[in-house]
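Encoded as structure tokens, the structure appears first; notes follow it.
The values are calculated or read from the model by the stated rules, or taken from the named source; none is laboratory data. Please read these numbers as outputs of a predicted model, since none were measured by experiment. Cβ placement follows ideal geometry from the backbone for every residue including glycine, while neighbour counts extend to all protein chains displayed. Accessible surface areas use protein heavy atoms only, side chains included; no ligands, DNA or RNA. Shrake-Rupley method; radii C 1.70, N 1.55, O 1.52, S 1.80 Å.
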Amino acid sequence: MDDLLQAALQPQALITLLVLALAIVLFISGWLAPELTGLLAASLLMATGVLKPAEAVEGFGSTALVTLMGLFALSAGLFRSGALDRLRALIGSNAVRSPKRMITLMVAVVGPVSGFIPNTPIVATLLPVIEGWCHRHRIAPSKVLLPLSFATVLGGTLTLLGSSVNLLASDVSKKLGYGEFDLFSFTGIGLGVWLVGGAMMVVLADRFLPNRGVDEDDLMGGMARSGYLTEVLIPRNSELLGRSLHDSRLQRRFDLDVLELHRASERFLPPLADMPLVEHDRLLLRCGREDLLRLQQERMVTLAPAKLEDGEIEAVDPASQRTVEVLLPAGSTLAGETLRDLRFRQRYNATVLALRRGNEVLRERLGRIVLRDGDVVLLQAPRDAIRGLQANNDLVVLEQLEKDLPTASRKGVAMVIALLAILLPTFKLLPLVASVLLGTVAMVASGCLRPGDLQRSIRLDVILLLGSLASFSVALEKTGLAEAIAKAMLLMVKGWPVFWALVMVFLFTTLLTEVMSNAATVALVIPIAAQLAQGLGQQPMGFIFTVLFGASQSFLSPVGYQTNLMVFGPGRYRFLDVARYGLPLTLTMTLLVPWLICRQFGI
């Protein structure tokens, strides 16, 4: 412990600790976007002289990051060309009629696919398919959406390509001198995790997944009941004019709650039942989707009105419009902004009718609500505008437009390109990065992917985050903090079997991942775990794999992994729902992963 204190008091080490502490606080609080936090930390490490500029930005030129950019493009080519239509058809098949069978199918099919394709686009593509399946079979989405996320998490550790975190861990390991990973370096461990985790998901589903969102008359209405927040205006000639809410029986007829009334600059809070309504009153409502649409059809109120220059309300022809739900996925650039500041209607040619945030009760006016990752927004827009939203990385359309599916003319070509990109490095005929980049060029040259789609497919937020986080590992190693922390941990586990030391590393990594970015966790913990392994006289790679799996197996909170957050709103989950279903999985993995690593490395 004295060595740790002595190392921490060195000027550069102390600066590094302060910068990392600031980064951890920002990651947990969410005050800055994760990629901005990473860039800030890298900048501070350069500005204070802890790292040279070349050391701090070395991650941006790594083969892992270039491989990831190519992988985004390859997966986009597969989806845009329709190469994975069969997967969507299989998942949405009417032959599957129960949640347990759907979960089994997702584990068996979606899991392996996510070993080669980033899990975020998989979840984004399958969300509308699974919601449609739930609607047809009158099954609550909460029974199957969280398993969709967990299936992609389990499958993401089957190969190096399964997750951006895998590529980051490989790059950090290489920079620290322990070597990079091959495509199937940890597949033996990943197979055990996938099989055992998948079986547990199926067994635990009936007891631990909530049955939330089923309504006897209408499933989608039940999903949204009391969940949507919307703002409406009393227009000219409305039958509500001059009548109170009680006299109009508005709340009984439409099953809605009036949260506020705004009249000019005045704001009125409940009770509002006896207040007569006048033209241009604005009501803040919480109601179900079907009631919302009926209100619009009967012209009692105007939903999400847009004022023209003369003060009149712009009329929207419902016949020319389509109503859809869209999700703000993790990493959306719209998060942190209000609808008013975004000028949402002008930007997307779509009217926001309402907003839902899990089971949280929203009481702010619609235009003033600050959007968050995982919010579900109800939009009304022309079909062409919805097609444009489908190609947007900031929004995920949750309803499938059957006529908008990709054409089948390039399916075979895209599949061949993707298979070659995987097989060539497998047989050591090409380096992985070269194979992926050649596949990217082939996707564009063959017409499977347009140049514009290529640029949109690359997640800049992920690239900035991973590129900047490499500086964490370099700083920990260069200042001697990694070695000092490892020595302190060595005293703690002295006399322990290696298995229990691995259990400690896995559990620490998993818990840290639940409160901050899993990529940041990998960058921080791998240098320490590798030094701990050397102190125990073990191969560092076994401990590095433990960190990798601990950072990837995020089953305890919706914010621990981006796909958990993507299904949180559509499934109407509560925060503890994720922990309730994920805790048995986490405890099992805490013991299983170290055991599998001991078997693979002969410990």
*Suppose every K and R has +1 on its Cβ and every D and E has -1 on its Cβ; what is the size of the dipole of the chain about the Cα centre, in Debye to the nearest 20?*
1080
*Mean separation of Cα contacts under 8 Å, 6 or more apart, over the residue count of segment 446-603: relative contact order %*: 24
_Surrounding net charge for LEU565, when Lys and Arg each add one and Asp and Glu each subtract one, Cβ distance under 12 Å_ = 0
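For ASP341 and HIS135, what does the FRET efficiency come to when R0 = 35 Å and r is the distance between their Cβ atoms, rounded to the nearest 0.05?
0.55
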_Accessible surface of the chain [probe 1.4 Å, protein heavy atoms]: carbon and sulfur percent_ = 59
*Using a cut-off of 12 Å between beta-carbons, work out the net charge of the residues near VAL107 (Lys and Arg +1, Asp and Glu -1, VAL107 not included).*
+2
*asked:* Give me the dipole magnitude in Debye, nearest 20, for segment 404-485 about the Cα centre, with unit charges on the beta carbon: positive for Lys and Arg, negative for Asp and Glu.
replied: 320
*Output ³J(HN,Hα) for segment 103-120: one whole-Hz value per residue in order, computed from phi by the Karplus curve 6.51 cos²θ - 1.76 cosθ + 1.60 with θ = phi - 60°, and x for Gly and Pro.*
5, 4, 5, 5, 5, 6, 10, 5, x, x, 4, 6, x, 10, 10, x, 6, 4
*Karplus couplings for segment 366-378 from phi (6.51 cos²θ - 1.76 cosθ + 1.60, θ = phi - 60°), rounded to Hz, Gly and Pro as x?*
4, x, 9, 6, 7, 5, 10, 4, x, 5, 10, 10, 8
*With a ≥ b ≥ c taken as the square roots of the eigenvalues of the C-alpha gyration tensor of segment 1-121, please select rounded if a/c is under 1.5 and otherwise prolate if a/b is larger than b/c or oblate if it is not?*
prolate
*Rounded to the nearest 0.05, what FRET efficiency do ASN94 and MET492 have when you use their Cβ-Cβ distance and R0 = 51 Å?*
0.40
*asked:* Quick query: amide H of LEU353 versus all other amide H atoms, modeled in the peptide plane; which residues come in under 5 Å with a sequence gap of 5 or more or a different chain?
replied: LEU378, LEU379, GLN380
*From the backbone phi of segment 439-452, what are the Karplus-calculated ³J(HN,Hα) couplings (6.51 cos²θ - 1.76 cosθ + 1.60, θ = phi - 60°) in whole Hz, Gly and Pro given as x?*
x, 4, 4, 5, 4, 6, 5, 8, x, 6, 9, 7, x, x
*Over segment 148-216, average the accessible area per residue using a 1.4 Å probe and give it in Å², no decimals.*
32
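Give me the net charge for the shell around LYS174: Cβ to Cβ below 14 angstrom, other residues only, Lys and Arg +1, Asp and Glu -1.
Local charge sum for LYS174: -4.
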*What is the set of long-range amide H partners of THR48 at a cut-off below 5 Å, with H atoms built 1.01 Å from backbone N?*
none
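Compute, for segment 8-102, the length of the dipole vector about the Cα centre, with Cβ point charges of +1 (Lys, Arg) and -1 (Asp, Glu) only. Units Debye, rounded to 20.
Numbers: 7 positive and 4 negative charges, 159 e Å.
Magnitude of the dipole: close to 760 debye.
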*Toward the positive end of the charge dipole of the chain, about the Cα centre and with charges on Cβ (Lys, Arg +1; Asp, Glu -1), which of LEU424, THR67, LEU18 goes farthest?*
LEU424
*At what distance in nm do the modelled label points of LYS428 and VAL25 sit from each other, each positioned 7 Å from its Cα along Cα→Cβ?*
5.1
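Just want to confirm a number: the relative contact order over segment 504-566, from Cα pairs under 8 angstrom separated by 6+ residues, in percent.
44
List the equivalent ellipsoid semi-axes of the chain in whole Å, largest first, each obtained as the square root of 5λ for an eigenvalue λ of the Cα gyration tensor.
Equivalent-ellipsoid dimensions as semi-axes: 46, 27, 24 Å.
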*How high is the relative contact order of the chain, in percent, with contacts defined as C-alpha pairs under 8 Å that are six or more residues apart?*
22
*Reach of LYS100 by Cα under 26 Å, taken over lysines that are not fewer than 8 positions away in the same chain*: LYS143
*Whether segment 452-603 is rounded, prolate or oblate, judged on the alpha carbon gyration tensor where a/c under 1.5 counts as rounded*: oblate
*Please list, in chain and number order, the residues 5+ apart from THR338 or on another chain whose amide H is under 5 Å from its amide H, with Hs placed from the backbone.*
LEU371
_With the cut-off at 1.5 for a/c, could you classify segment 30-80 from its C-alpha gyration tensor as rounded, prolate or oblate?_
oblate
